[in-house]
Amino acid sequence: MKRSVVAVGGVLAAAVLAGCGSGGDGSAPDGEYRPLGFGTDKRIEMFVPQGWSMINQNDFVPSDPAEATGQSGVTYALLDRSRIPEELGSKVATDDAAKAEFAAESQQGAAITAQFTEITPCDKVESMLQAQRDAVDFDSIEDADSGLGDHRKLGESTREVDGVQYRYVQYYSSIQLSSTHCVGMLLQSTLKAPDDAAVDEARRTITEVADNSRTDQPIEKNEDGDSGGN
């Protein structure tokens with residue numbers, strides 16, 4: 001990937017570490033969709049569970065649900081608003097106390113990062129995903145039975161940072177957005193010294209997001225270049 005899929009950059013990384021269509025069966029759980037555009041007719045529609053919201057790490061403000069705001073190499077955070085309210089998130093960039101509180105909640109499973117590569121030929125995306133996984137010493141990794149994209153993997157790993165043990169729950173996939181090009185996606189939860197229940201809950205939430213996210217269909221155009229329909 002163009003950006004690391006182990007530690008996210010910018011404000012979000014400082015806060016967390018410092019202080020194809022849905023594969024799900026049946027109807028989606030309560031939540032909403034956030035459209036992400038990558039310069040193709042087809043968009044990713046990220047599922048955000050009820051009670052959570054989606055933040056762009058570049059500016060830490062909520063994305064507009066009516067606008068496709070994705071961009072190459074971008075990282076988002078999905079935040080549990082019962083534990084990380086908007087007023088806390090708005091202070092993270094400038095307030096050390098807010099950053100520490102944000103980190104503490106994030107490291108207990110209240111935040112998931114959603115990281116995307118630049119749009120790239122699909123075979124290269126798959127190779128990048130494989131190379132990133134090869135660099136991780138996984139405790140366990142398996143094919144994901146369902147979820148957004150292809151070449152889906154769900155893994156757990158452990159890493160020590162400054163004497164503190166962190167557990168990572170990670171979902172990787174390649175998402176095809178044109179006949180030849182894909183983006184790579186990583187959904188990740190970073191947990192500080194968690195118990196098994198916290199890891200299981202992170203897996204459940206990440207799987208829920210992946211299973212219910214989707215790609216919309218490309219816009220049909222007629223011979224004159226106009227979109228079909230009225």
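The values are calculated or read from the model by the stated rules, or taken from the named source; none is laboratory data. Keep in mind that what you see is a predicted model, and the values were worked out from it rather than measured. As a convention, Cβ positions derive from the backbone with ideal geometry for all residues, glycine included, and neighbour counts pool all protein chains shown. The area values use the complete protein model at the heavy-atom level, side chains included, leaving out ligands, DNA and RNA. Shrake-Rupley method; radii C 1.70, N 1.55, O 1.52, S 1.80 Å.
Once region 103-132 is narrowed to residues that are in a helix (DSSP H, G or I) and touching a Gly at 6+ places or on another chain (Cβ under 7 Å), the residue that is farthest from L36 (Cα to Cα) is A104. Restricting attention to region 211-224, and to residues there that are assigned to a strand (DSSP E or B) and open to solvent by 50 Å² or more (accessible area, probe 1.4 Å), which single residue is modelled with the highest pLDDT? Here the answer is R214. Out of all the residues in region 97-104, is one or more basic (K, R) and at pLDDT 95 or above? Taking every residue of region 97-104 in turn, none turns out to be basic (K, R) and at pLDDT 95 or above. Looking across region 35-52, the residues that are open to solvent by 20 Å² or more (accessible area, probe 1.4 Å) and at pLDDT 90 or above come down to K42, R43, E45, Q50, G51, W52.
In region 167-204, of all residues being surrounded by fewer than 21 Cβ atoms within 10 Å (Cβ to Cβ) and closer than 21 Å to V74 by Cα, the one that is farthest from the chain's Cα centre (by Cα) corresponds to T180.
Residues in region 123-166 that are within 28 Å of E45 (Cβ to Cβ) and open to solvent by 70 Å² or more (accessible area, probe 1.4 Å): D123, K124, S127, Q130, I141, E142, D143, D145, H151. Taken together, T94, T117 contain a single residue that is of a type in the set (V, I, T), open to solvent by less than 40 Å² (accessible area, probe 1.4 Å) and at pLDDT below 95, which is T117.
Checking S63, S22, S82, S27 one by one, the residue that is polar (S, T, N, Q), open to solvent by 60 Å² or more (accessible area, probe 1.4 Å), closer than 26 Å to E201 by Cβ and modelled with pLDDT under 90 is S27 and no other.
Identify all residues within region 191-210 that are assigned to a strand (DSSP E or B) and more than 24 Å from D145 (Cβ to Cβ); write none if there are none.
K192
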